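Report on the structure given below.
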Amino acid sequence: MKLSSPTQGISSLLSLQHLTVKVGEKTILHDLSMDFAPGSFHVILGPNGSGKSTLASFLAGHPDYVAATDSQVTFGGQNLLSLSADQRSRAGLFLAFQQPVMVPGLRVLNFLWLTYQRRFSDAATRPQKTIVAFRDYLKTLAVDLDLKPELIDRGLHEGFSGGEKKRLEVLQLMVLQPKLAILDEIDSGLDVDALKLTAAALHRLQNEIGTTILLITHHQQIVRTFKPDQVRVLIQGKLVASGDMNLLEQIEAEGFNSFKTLATEVS
Amino acid sequence: MSRFIAKPDLQPTAVAAGKKLLANDYQFGFSYPTANYAFVAQPGLSQQVVEQISEFKTEPAWLRASRLQALTEFERKLMPAWGADLSGIDFKSFHYYLRPTDVVAKTWQDVPADVKKTFDRLGIPEAERGVLAGVKAQYDSEVVYGSLKKTWADDGVIFLSMDEAIKQHPDLVREYFGKLISHQDNKFAALNGAVWSGGSFVYVPKGVHVKMPLQTYFRINSANAGQFERTLIIVDEGASVHYVEGCFTAGTLITTRVGIKPIEQVTEADLVLSHTGSWRAINQTQVRSYDGKLYTVTVTGQPSVGIQATVEHPFLVVRRKYLNERNQIWSTAWQPVSSLKPKDYVCSPIDRTVNDFETQNIEIPMGRGRHGFKLETVTVPTTADFFRLAGFYLAEGSISDEHYLSFSFNEAERDYIEDVKNLIQKIFGKVSLAESHHLKNHGTSVVVSSTKLARIFKIWFGAGCDHKQIPEWMLQADLAKQAQLILGWYWGDGSFYSKQLKHGFKEMFRLCTTSEKLAWQMRQLLLRQDIATSMNVRSRRHEGRRTMFTLVVGGEAAVKFGDLVGQPIKATLHYKKRATAFYIDDKYFYAPIKSIEIDTVKNVPVYNFSVQTDESYVAGGVAVHNCTAPNFSASSLHSAVVEIFVKAGARCQYTTIQNWYQNVYNLVTKRACVEREGEMIWTDFNMGSKVTMKYPGFILAGEGAKGEVLSMALAGAGQHQDTGAKAVHLAPHTSSTIISKSISKAGGRTSYRGLVHIGPKAHHSKNTVVCDALLVDDLSRTDTYPVEKIFTNLVEVQHEATVSKIGDDQLFYLMSRGLDETTARKLIVNGFVADLVRKLPLEYAVEMNRLIDMEMEGSVG
């Protein structure tokens, strides 16, 4: 097993070192190395099928995705790969799903109250002491995100529109206040106004509690709304470019095609 | 989520049912020795046994003939070749009749001491004091004790054991007995017809609405015993009743409707509060003879009832660290009572569930006299305002002449008078409101002249000061609303007490009531607000007055309480922080032990409950663990027959929650006949047993009759729940709904088996069948066997069936939010049945969720 250099260990909240991920026999992600500093805002761009969602699900602990043996992922200094999905969440990692899953009959309020209590296990320091206070708090958050507050009394994603599901993902993110928020294609189903509200919410978390944000999308048009610190391009499971907002201009001008040759070269 | 339409599988294969019982922890169980039974029938079935039963019951000739005819039918009939595997039943091995006492006890005094003590522990004598609306407790095959609230008797409601009914109302029973389910119906109905004993008879006269559910508790105390009760219910024209049977194997089901109570008072209770703050069912009660030390534990802040326990009986406690200082760390542990010391803390669980509703529907009877009652449903907005008004009512309210709702104050309490008037107008709009002044005692009453309001308050909050109570739906309401209830009550019945003593001030809030029930309920509500109280009981018999229950709020709790009621007090007293001896956290209320007394006893019967899941219960207000429970390795048979006659315009709801032991064959025939515009609702929840075959049915015989079956089944390892419904439409414009939900886990099997028969005359009838099955893992199995026989064209028939599996995507989603896999599974399963469970009365809904949680624990697929 390779050891990460000391500087990476200290300055990164999340650090991927030579990460190779397989599902079954198929390798989806090839030898990725990236660092995510605490409180920074990252975007990973890439066309469909580039492995972006795999990366997101893998990091959240989906059991189908397996890392190659010499891969190393640390989160807040600890080995992420040894944690189950629920342990990762309680450690402060959050994934906003591309396609949130319906659980009929499970009331959103009860579900979130349970997750909130797990995330903030010390009852004494928890800002919302009772489920009643918590419900009011949820309603305020919902209004901020232009989500109908009555949805929190419904079954989880039961009868939700695509946009409502996505707004609820952001609301959950706000509730759980993670150290790292991964948003997988959050823009699908959201209109421009909702995206702006989301961007504002994310920056608020970033500023107030120093959340690190990783936005995953194939729409470079929406990236400007979020003003990221770092932009990376993933194609065919390989990291082909990394830079700041200037990289965005290149993508806007040339599309992903200009990077595709790079992907082949890298391999 | 993978949902697909189930295809009927016409080739049922028998699962290896019952081969593997769950590992049981009950090998040290005790059971009541049957040697003292007045009569134990020989195992096996014969004409002689049947004749003996009839003789012992001194039955009329027609009934004896009926039994013998049933026996012939039973012998002639083959075992059902369909449904679950019944090959494990050995009819020769069962005792068909056990009779614990010589005489059916009429009053509590007649009950033999041994049995009495058991019921004493279950709190049954409370029933006699009129607290309880109506209970029939069945001890093995015989009803030994029962009581019926006087008001019903006045209305002509009959609620008796079948044996009593045959003696007291022979013609009525004979007219209906076996008319709906004849001995020819099926082998098990025939068996019941031959050997039945126990069960209930209910007759509700025309136009009478029985508001509180009638409840029965059953137990099977002996191995190899059969339970063959027979229930007959007749709801006459325009009447209504809700009958609830809780059949818990080898144990009596106790549910506390109203939070924490000493065990002596658990009467109308259906569940006990366990140490985890959950409502849990009791599996069993045990009796054994005990020689040795008996401990009596008394707790600070509780009426000195003392909890008696044997040496090894474990209590949930926190050890005292320093004698004169309150603990800092609160880690609980089970400790035998013999190791406890005064000042150690005992734990009272707090039910922190919030289940709030914006409105509540209440059915109130309107109209009187010749024309009978009409039930009217009123929707009440259950706002914080309503809670405060309810608080005022609990303190100062009364009902007079059934039509007037009044709140009495001292004339100086102008603020409260105005508040009450405003609240009434705000909540109920335009009502006839007046103030009446009583010069003699400087009193002012706000009087509302409204039959409707008077009845709402009477039904929910009780009438007469020692019967005041908080309705169940309020007990788990929003905390802010409950705070308003407390506020209203405090303004009415509370006071701040400040007295200078030699060494300084003594300050506290005090709340008084003569309703014991209300006092315990309020204590629990205050705990939810993190406010600890001491309860004092003062008998005022010598003054010719009722016993007074006072909740005392002192120390840091008083600071909190002061804030709650808008009467803040300083956090310090004599420059020191106010403090109590108590402590509260998320789970428990901790109170120090005041004293422990030890007696040495000889040959004393001691009693114990076995409680679902947590194996603990709250005795005398504190959490104790149960010891052990009986273990019957031989299989038991429950084969009941229930016949219900719903007359024109009448309504009957029959609710069953069964959680039998793993060795019980539960084979029950239930049927109702519904006349014009009548309504029958079966709510049937089945868990536990090795095999269940049960298909509650109704015959919609009159125009416009309605029927509904809500059924839920859960099958685990080695279990087969074969359940469903029979809807027979014989008259036009009849409608029926069948909703069935089943859960299979750990290799368990559920089947839905339904018959919808719409006869040629039943034009314009409607039927809807929805059956949803959930498979928790790949080992388990579910099937549907729907049969539709339709003989007219003008009908609407719908059948929907879905099978879903707990999907990996669902689990991953919930786990990615920090929930462990077991919790995630529980949430999915509870969500699956949520819409059905919501139709149960609140306490049963809570129980159902707990039972399901328990079943799901450790069942990782």
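What follows draws every value from the coordinates through simple rules; no lab data is involved. Note that the coordinates shown come from a computational prediction; the quantities given were computed from them, not determined experimentally. For neighbour counting, all protein chains shown are included, and Cβ atoms are generated from backbone atoms with ideal geometry for every residue, glycine included.
Database remark: amide H of B:His757 closer than 5 angstrom to the amide H of B:Ala727, B:Val728, B:His729, B:Lys789 (H placed geometrically; neighbours at sequence offset of 5 or more, or on other chains; Pro and chain starts carry no H). Approximating the spin labels as points 7 Å out from Cα along Cα→Cβ, the A:Arg126-to-B:Ser432 distance works out to 5.1 nm. Distance between the modelled labels on A:Glu254 and B:Trp62, one decimal in nanometres: 10.0 nm (7 Å Cα→Cβ projection).
Remark: region A:216-229, residue by residue, has Karplus-estimated 3J(HN,Hα) of 10, 7, 10, 9, 5, 4, 7, 5, 4, 4, 9, 6, x, 7 Hz, where x stands for each Gly or Pro and the curve is 6.51 cos²θ - 1.76 cosθ + 1.60 at θ = phi - 60°. Amide hydrogen proximity for B:His242: with H placed 1.01 Å from N in the peptide plane, the residues at 5 or more positions away or on another chain lying under 5 Å are B:Leu214, B:Gln653. Each residue of region B:397-413 was assigned a 3J(HN,Hα) from its phi angle through the Karplus expression (A = 6.51, B = -1.76, C = 1.60, θ = phi - 60°), giving x, 7, 10, 10, 6, 6, 10, 10, 10, 10, 10, 10, 10, 6, 4, 6, 7 Hz with x at Gly and Pro. Cβ crowding within 10 Å, taken as a proxy for footprinting-reagent exposure, orders A:Leu81, A:Leu138, B:Leu564 from fewest neighbours to most as A:Leu81, B:Leu564, A:Leu138. Express as a percent, rounded to the nearest 5, the fraction of DSSP beta bridges in region A:6-266 (both residues included) that run antiparallel. Of those bridges, close to 55 percent are antiparallel.
Each peptide in B:713-720, B:354-361 receives the mean, over its residues, of other Cβ atoms within 10 Å, and ordering these scores from highest gives B:713-720, B:354-361. Counting, for every residue in A:129-136, the Cβ atoms of other protein chains within 10 Å of its Cβ and taking the mean gives 4. Taking 20 °C and 1.002 mPa s as conditions, region B:412-562 diffuses translationally at an estimated 124 µm²/s according to Stokes-Einstein applied to its Kirkwood radius (Cα pairs).
The alpha-carbon of B:Lys576 sits under 18 angstrom from the alpha-carbons of these aspartates and glutamates, leaving out residues fewer than 8 places away in its chain: B:Glu325, B:Glu507, B:Glu556.
Averaged over the residues of B:817-827, the number of partner chain Cβ atoms lying within 10 Å of the residue Cβ comes to 6.
Pull out the extension gain between B:Ser182 and B:Asn441, defined as 0.36 nm times the separation in residues minus the alpha carbon to alpha carbon distance; nm, one decimal.
Details: separation 259, 0.36 × 259 = 93.24 nm, distance 6.67 nm.
Result: 86.6 nm gained on full extension.
Entry for region A:6-266 at q = 0.09, 0.10, 0.14 Å⁻¹: log10 I(q)/I(0) = -0.40, -0.50, -0.98, Debye formula applied to identical alpha-carbon scatterers, no solvent contribution.
For A:Thr27 and B:Asp835, a Förster radius of 45 Å and the Cβ-Cβ distance give a FRET efficiency of 0.50, rounded to the nearest 0.05.
In what sequence, highest mean first, do B:431-437, B:493-499, A:82-88 appear when ranked by Cβ atoms within 10 angstrom?
Those peptides, ordered most packed to least, come out A:82-88, B:493-499, B:431-437.
Evaluated with a Cβ-only charge set (Lys, Arg +1; Asp, Glu -1), region A:6-266 carries a dipole of roughly 700 debye about its Cα centre, given to the nearest 20. Scoring B:787-798, B:417-428, B:57-68 by mean Cβ neighbours within 10 Å over their residues and listing the highest first yields B:417-428, B:57-68, B:787-798. The mean count of C-beta atoms from other chains within 10 Å of the C-beta of residues in A:103-114, rounded to a whole number, is 6. Close amide-amide hydrogen proximity is noted between B:Phe589 and B:Ser348, B:Ile350, each under 5 Å apart and 5 or more residues distant or on a separate chain (H modeled in the peptide plane; Pro and chain starts excluded). Our coupling estimate for region B:814-830, obtained by passing each phi through the Karplus curve with A = 6.51, B = -1.76, C = 1.60 and θ = phi - 60°, is 5, 5, 5, 9, x, 9, 5, 4, 4, 4, 4, 5, 4, 4, 5, 5, 4 Hz, Gly and Pro reported as x.
Residues B:Met366, B:Met687, arranged from fewest to most other Cβ atoms within 10 angstrom of their Cβ, appear as B:Met366, B:Met687. Annotation for A:Ser82 and B:Ser449: the two label points, set 7 Å from Cα along the Cα-Cβ direction, are 8.0 nm apart. For region A:1-108, the relative contact order works out to 29 percent when only alpha carbon pairs closer than 8 Å and six or more residues apart are counted. The calculated FRET efficiency for the pair B:Glu51 and B:Ala153, based on their C-beta separation and a Förster distance of 35 Å, comes to about 0.55.
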